[in-house]
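Input: a single structure, listed below in structure tokens.
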Amino acid sequence: MQTTAAPTQEAKPQITHPSQLPAVDKLLLSEAMQALRHSHGGEACTLAVREVLSDLRRRVLAGETLHCDSADMVAMASQRIATRFAPRLRPVFNLTGTVLHTNLGRALLPQSAIDAVVQAMSAPANLEYDLEDGSRGDRDDLVESLICELTGAEAATIVNNNAAAVLLVLSTLAMGKEVVVSRGELVEIGGAFRIPDVMTRAGAKLVEVGTTNRTHEKDYLGAIDENTAALMKVHCSNYAITGFTKAVSDADVAGIAHEKGLPMIVDLGSGTLIDMRDWGLPYEVTVRETVEAGADIVTFSGDKLLGGPQAGIIVGKKELIAQIKKNPLKRALRVGKITMAALEPTLRLYLNPETLAQELTTLRLFTRKATDMQAQAEQLQPLLQSALGQHYVVETAAMNSQIGSGALPVENLPSFGLRIYPASSKQAGRQLTQLEERFRTLPRPVIGRLHDDALWLDLRCLEADMQAQFAQQLGKLA
Ligand SMILES: *Cc1c(COP(=O)(O)O)cnc(C)c1O
């Protein structure tokens with residue numbers, strides 16, 4: 001849209017006064033505008049043309065000499081329309097190496113969940129309708145028995161996300177009272193979810209016990225008095241305290257709570273339903289183990305290790321869940337039908353562990369073999385090298401993926417991908433930033449990771465069926 005200093009500017013009419021600009025109607029009636037009116041409507045075209053003309057008028061009045069004709073102005077308007085109608089939420093390639101990337105939308109849903117979501121969006125469904133006796137139902141009923149079967153819990157309820165789950169649980173069980181938490185577990189999750197702050201908003205008072213690295217049973221016992229509503233454990237999901245440490249096990253905290261007639265709450269964060277070691281992955285405590293250890297309430301996310309939609313799942317003792325469901329906040333935090341539609345088939349996949357790693361997209365990504373990614377890297381390396389030219393070096397490289405979203409923060413999954421860096425050390429920093437930007441501004445943006453003076457593209461999340469689309473747009477990097 002350069003209107004000055006273009007090589008053809010001699011041929012273009014010179015505009016030095018606003019009166020030389022065409023009328024809005026003249027541009028609107030031009031041939032090129034007709035197609036745009038057809039696709040985007042007269043209103044959007046009029047608005048765009050007005051904006052272009054008023055922008056040009058401003059520039060002329062500021063003393064600028066324009067070199068452009070009506071066709072250029074229509075092109076400018078067309079560009080404005082394209083920008084205005086372009087979606088803001090766009091698919092990207094997540095080559096960061098972090099599978100559950102919160103900023104990139106966390107879990108990818110399994111196909112059965114995607115199909116169910118499309119159904120739920122396009123047809124009425126029995127969201128809160130009991131098809132057996134025609135009476136009003138409860139949306140939690142759609143998944144409660146499935147969740148109980150998979151976790152061993154007595155009852156379950158679903159809210160918008162795990163942060164909402166923690167808020168609702170504390171507001172129900174501890175409003176106006178105290179909750180005892182180990183100092184080593186006062187976590188902040190990205191996006192400013194801090195247990196102390198959530199506690200305040202829920203109307204509960206936090207009582208910290210122990211020290212950052214060591215908490216003992218006697219610390220919990222010493223903190224309990226007549227104002228105590230519950231003992232709480234928070235899973236250290238995005239950090240690890242190592243070295244000289246001591247934490248009290250879930251079972252021991254539950255034992256202390258029950259001895260004093262109090263409930264024990266666990267915010268599990270990610271909350272897996274399976275023993276991940278069975279799939280060759282690092283161990284993460286399961287929801288079932290936490291329930292079996294004696295936790296009365298356990299909360300976890302739907303879109304972390306579980307691999308489903310954004311949701312907060314609360315499981316636990318029947319009478320506590322009943323109390324939680326009666327809290328007026330539940331109505332404010334409940335999930336919509338789209339979430340329910342996605343959650344149910346995702347959970348159902350867990351009924352067949354034999355097909356889980358194939359069907360559950362996140363687990364399929366976690367369990368991809370490094371040799372798969374290596375083969376892809378070897379195919380893509382020459383394509384990328386020729387697209388980027390001699391100023392960059394493209395190498396295949398072993399790297400480590402992460403599960404992400406706080407799950408297993410210190411465990412890595414061996415992976416493979418491409419490492420790209422400037423060929424010359426001159427202005428290497430700027431070249432690297434530019435490189436990252438070139439990938440980010442592709443039609444389907446490619447998000448990698450800058451590390452050690454190179455751009456790393458981890459191919460774990462580029463499954464075979466996406467590779468052609470990835471390769472196709474590489475020409476645009478040049
Ligand atoms: C991720 C996480 C949360 C927040 O869960 P969302 O589903 O993102 O709201 C809360 N607590 C812990 C321990 C977490 O790991």
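Computed from backbone phi, the HN-Hα couplings of the range 286-296 come to 8, 5, 4, 4, 5, 5, 5, 5, x, 4, 8 Hz, rounded to whole numbers (Karplus: 6.51 cos²θ - 1.76 cosθ + 1.60, θ = phi - 60°; Gly and Pro given as x).
Other residues with beta-carbon under 10 Å from the beta-carbon of Leu221 carry, at +1 per Lys or Arg and -1 per Asp or Glu, a net charge of -1. Taking a sphere under 9 Å around the Cβ of Leu455 and counting the other residues whose Cβ falls inside, with K and R at +1 and D and E at -1, yields a net charge of +1.
Of Val60, Val266, Val166, the sequence from fewest to most neighbouring Cβ atoms within 10 angstrom is Val60, Val166, Val266.
Based only on Cα atoms, what mean projected area does the convex hull of the range 271-389 have, in nm²?
10.8
Considering only beta bridges that DSSP places wholly inside the range 256-347, some 50 percent are antiparallel. Residues whose amide H comes within less than 5 Å of that of Phe416, counting only those at least five positions distant or on another chain, are Met399, Leu459, Arg460 (H built at 1.01 Å from N in the peptide plane).
Applied to the range 303-309, the Karplus parametrisation 6.51 cos²θ - 1.76 cosθ + 1.60 on θ = phi - 60° returns per-residue 3J(HN,Hα) values of 10, 9, 4, 4, x, x, x Hz, with x for Gly and Pro.
Straight-distance candidates among the lysines for linking to Lys26, with alpha-carbon spacing under 23 Å and chain neighbours fewer than 8 residues away dropped: Lys12.
State which entries of Lys177/Lys304; Lys233/Lys260; Lys260/Lys317 exceed 20 angstrom in Cα-Cα distance in the structure shown.
Flagged as over cut-off: Lys177/Lys304.
For the chain, the longest principal axis of the alpha carbon atoms and the long axis of helix 31-40 meet at an angle near 10°.
Under 26 Å Cα to Cα from Lys426, which lysines show up? Leave out anything in the same chain fewer than 8 places away. List returned: Lys476. For the chain, the relative contact order works out to 18 percent when only alpha carbon pairs closer than 8 Å and six or more residues apart are counted.
Karplus-derived 3J(HN,Hα) values for the range 118-123, using 6.51 cos²θ - 1.76 cosθ + 1.60 with θ = phi - 60°, are 4, 4, 5, 7, 10, 9 Hz; glycine and proline are entered as x.
Under 5 Å between amide hydrogens, built in the peptide plane, is the criterion, and for Thr272 it picks out Val287 among residues at least 5 positions away or on other chains.
Computed from the coordinates by the stated procedures, all read-outs in this text should not be read as laboratory data. Since we're looking at a predicted model, the values are computed, not measured. Note that we place each Cβ from the backbone using ideal geometry, even for glycine, and neighbour counts take in every protein chain shown.
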